[in-house]
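Nothing in this text is a laboratory measurement; each read-out follows from the coordinates by a stated rule. Just so we're clear, the structure is a prediction, and the values are computed from it rather than from any experiment. Please note: Cβ atoms are built from the backbone with ideal geometry, for glycine as well, and neighbour counts cover all protein chains shown.
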Amino acid sequence: MTDERNDTAELVIRLVPDAEVAGYNALMAAHHSLGVAASGRVLRYVAEAGGVPLVLGTFGSAAWRVPVRDEHVGWNERQRAARLERICCNQRLCVLPAAEAVPHAGVGGAGRDAARAARRLPAGVRGAADGGGNLHRPGRPCRDGV
């Protein structure tokens, strides 16, 4: 994807292959205060410009039972069992220091928008959806309600 406002490089978002997971984990461990831990079935993505990693994202299986979510969505037991695999959970999102040098790639707008969206969710769903502070800004500790 290209952005006419970003003339420094093309932004590419891709799934991290098994051969690169160790490097991904090393970056996550070095730059995210909650570390690498992931649970369930996990997908790891990297956003990069010119081959330089800017943002790391870890997504995993949704929690089996979140009563507030299930009520908000309107699921009964049978529907949840049939549809839960269609939902994923943001387990880690880490904006790397290199993103600061790339216009429009940092968390300035995107981070604020994600935090606002998470705050609009019902309280019980919000904890599951935003991971309780999984958005990490470079140079700042992870915290709830970014």
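Run the quick spin-label model on ALA101 and ALA29: label points 7 Å from Cα toward the beta carbon, then report their separation in nm to one decimal. Between ALA101 and ALA29, the simple spin-label model gives 2.5 nm. In this rough spin-label picture, where each label sits 7 Å from Cα along the Cβ direction, the ALA19-ALA37 distance is 3.2 nm. The distance between label points at ILE87 and HIS72 comes to 0.9 nm (points 7 Å beyond Cα on the Cα→Cβ vector).
Count Lys and Arg as plus one, Asp and Glu as minus one, and take only other residues whose Cβ is under 10 Å from that of THR58; the net charge is then +2.
A simple count of charges around ILE87, restricted to other residues whose Cβ falls under 13 Å of its Cβ and scoring Lys, Arg +1 and Asp, Glu -1, yields +4.
Taking other residues whose beta carbon is less than 15 angstrom from the beta carbon of VAL16, and scoring Lys, Arg as +1 and Asp, Glu as -1, yields +1.
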